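Below: the structure, in structure tokens.
We did not get these values from a lab; they are worked out from the coordinates using the rules stated. It should be emphasised that the depicted structure is a prediction, and the values quoted were computed from it without experimental measurement. Positions of Cβ are backbone-derived with ideal geometry, glycine not excepted, and every protein chain shown enters the neighbour counts.
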Amino acid sequence: MNVVFVEPNFPRNQREFVRALSAVGATVFAVGETPWDWLDDELRGWIHHYEQVESVTDVDQLRAVVEHFQGMTWIDALEATIESHTLPAAIVREATGIPGTSVHTTWLCRDKPSMKDALRAAGVPTAASIAAHNLDDVRDFVDAIGYPVVLKPRDGAGAAATTKVSSYADLSAAVDSLGSVSSIAVEEFVEGHEGFYDTVSVGGDTALDFVSHYYPNVLEAMRSRWISPQYISTNQIDSAPFYEELRSMGARVHEALGIGTSATHMEWFYGPKGLRFSEIGARPPGVGCWDLYGVGNDIDVYRAWADAIVHGQVWSEPSRRLASGIIALRPAADGVINGVSGVDELHDRYGEWLIDAHIPTAGTPTQPVEAGYMANAWVRLKHPDYDTLRTMLSDVGELVQVHAS
């Protein structure tokens, strides 16, 4: 099978998709923004043919490369695993006659108001929302729903440029902060615990699934420097009744949006109003989630995804042996990191359960809080008991301190 993969080099874990495709027997054609000579020997060894473009999100450039590959041989699939790459890839797939996730499905998985409209029509519980074109639209929505509300880009990922508004006084400033866009997503703020549900689906059926929990919720985590946020992948998905409800909702979401053979990443809330859908992407999760799933379940999730794409089947069976999680460790101030304390104690206490860690050296520039869970320092741990792991990660947040000035 001949597969075109979009952007094999950046971010770092993109290479794992290429590795997995090659390992299951695919001939990989790749298009990226990095010069071929800059790719390392291992990555180049997995790629049959490579073309560089200025931007992989430019539909014309991407289509020209794909048509070039089609002039060389039959192309069976075109895959993109980064949120901003999915829609250009879908447009080029349809333009060049390559099967895969449609433009319509990809658009619904990118455009939050359209996504929620489609899911409400299918009976999936979700927050009230609109696409607002001006401040008056937002005011009308608030008049009907009440505060607080959440404002975000229609096609944003994670909590990027997302703002919670709790008063009329803050509303205008929040709208202005989103910049000169023609339309934004405005949503009812849903109270409750937040997590995510990730799958590898084949022909519309879920072949692999995983659940993770955020502590605290993402919007708070990405706005509060003093918090050392964490997320934990549970190993209780096959035993706790709540997860059957979540799996059922996930299946309804996939059906309503037309998900076929694809990785998915779905955010959800559970609170006073019960389980509520938040949003979904037709792509894998970021922030190293699949690495944690692999450790906790004794499988190679990238290879399972590649099997789905190349063979239309997933043979991997998750063991659910371990819970696994990450905690982000942030400096108290922006500037330059002076050092990290508590690392020796970390190894003494939790060396048996340590997956890996990133401890930046003195002199490293800090990254802003909004840059995410792996922006500065982080530690990943595993343990057979979910609650014990959560306690361990919280302890690491107190123990390991990143100093900067």
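Numerical summary
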| quantity | calculated |
| --- | --- |
| Global geometry of the stretch 281-405, whether rounded, prolate or oblate, following the gyration tensor of its Cα atoms and the 1.5 cut on a/c | oblate |
| Contact order relative to length of the stretch 2-100, as percent, for alpha carbon pairs under 8 angstrom and 6 or more apart | 30 percent |
| Size of electric dipole in the stretch 191-321: Cβ of Lys, Arg +1 and of Asp, Glu -1, about Cα centre, debye, nearest 20 | 300 debye |
| Residue exposure sequence - S212, S224 - by fewest surrounding Cβ within 10 Å | S224, S212 |
| Fewest-first sequence of H49, H358, H254 by Cβ atoms within 10 Å of each Cβ | H358, H49, H254 |
| Most positive-pole-ward Cα, F10, A26, G71, against dipole of the stretch 2-100 from beta carbon charges | A26 |
| Relative contact order (%) - the chain, alpha-carbon pairs under 8 angstrom, separation at least six | 14 percent |
| Potential extension, D40-D140 segment - 0.36 nm per residue separation minus Cα distance | 30.6 nm |
| Lys, Arg +1 and Asp, Glu -1 on Cβ, resulting dipole of the chain about Cα centre, debye, nearest 20 | 380 debye |
| Computed over the stretch 71-158: relative contact order in percent, which uses C-alpha pairs under 8 Å that are six or more apart | 21 percent |
| Simple spin-label estimate for D395 and D117 in nanometres, 7 Å along Cα-Cβ | 5.2 nm |
| Chain lengthening between E352 and Y168 when straightened (0.36 nm per residue, less Cα-Cα) | 61.1 nm |
| Relative packing of 13-25, 268-280, which averages over residues the other C-beta atoms within 10 Å, highest first | 13-25, 268-280 |
| Electrostatic dipole magnitude of the stretch 2-100 [Cβ: Lys, Arg +1; Asp, Glu -1; Cα centre; debye, to 20] | 260 debye |
| Those GluC sites (Glu not before Pro) in the stretch 18-63 that DSSP places in a loop and that have at most 11 other beta carbons within 10 Å | E54 |
| Global geometry of the chain, whether rounded, prolate or oblate, following the gyration tensor of its Cα atoms and the 1.5 cut on a/c | rounded |
| Furthest towards positive pole of dipole, I359, G372, H347, structure part the stretch 343-405, Cβ charges | G372 |
| HN-Hα J in Hz across the stretch 225-235 - Karplus 6.51, -1.76, 1.60, θ = phi - 60°, x for Gly and Pro | 4, 5, 7, 9, x, 9, 9, 10, 8, 7, 9 |
| Theoretical ellipticity at 222 nm over the chain - DSSP helices of four or more residues, -39500 (n - 2.57) apiece, nearest 500 | -10500 deg cm²/dmol |
| Cα gyration tensor, the stretch 191-321 - rounded (a/c under 1.5), prolate or oblate | prolate |
| Residue of M266, M249, M72 that the Gaussian network model of the chain assigns the largest fluctuation, springs spanning Cα pairs under 10 Å | M72 |
| Distance between the stretch 242-302 and the stretch 20-83 - C-alpha centres, whole angstrom | 27 Å |
| Alpha-carbon Rg with Dmax, taken over the stretch 1-147, Å | 19.1, 59 |
| Per-pair calculated FRET efficiency, R0 = 45 Å: N13 and R63 via Cβ, rounded to 0.05 | 0.95 |
| Rounded to whole Hz, the Karplus (6.51, -1.76, 1.60) HN-Hα couplings of the stretch 306-311, x for glycine and proline | 5, 4, 4, 5, 8, 10 |
| Set of lysines near K273 by C-alpha distance (under 21 Å), chain-local residues within fewer than 8 positions excluded | K112, K116, K164 |
| Phi-based couplings in Hz for the stretch 203-210 (Karplus 6.51, -1.76, 1.60; Gly and Pro marked x) | x, x, 9, 6, 9, 9, 8, 8 |
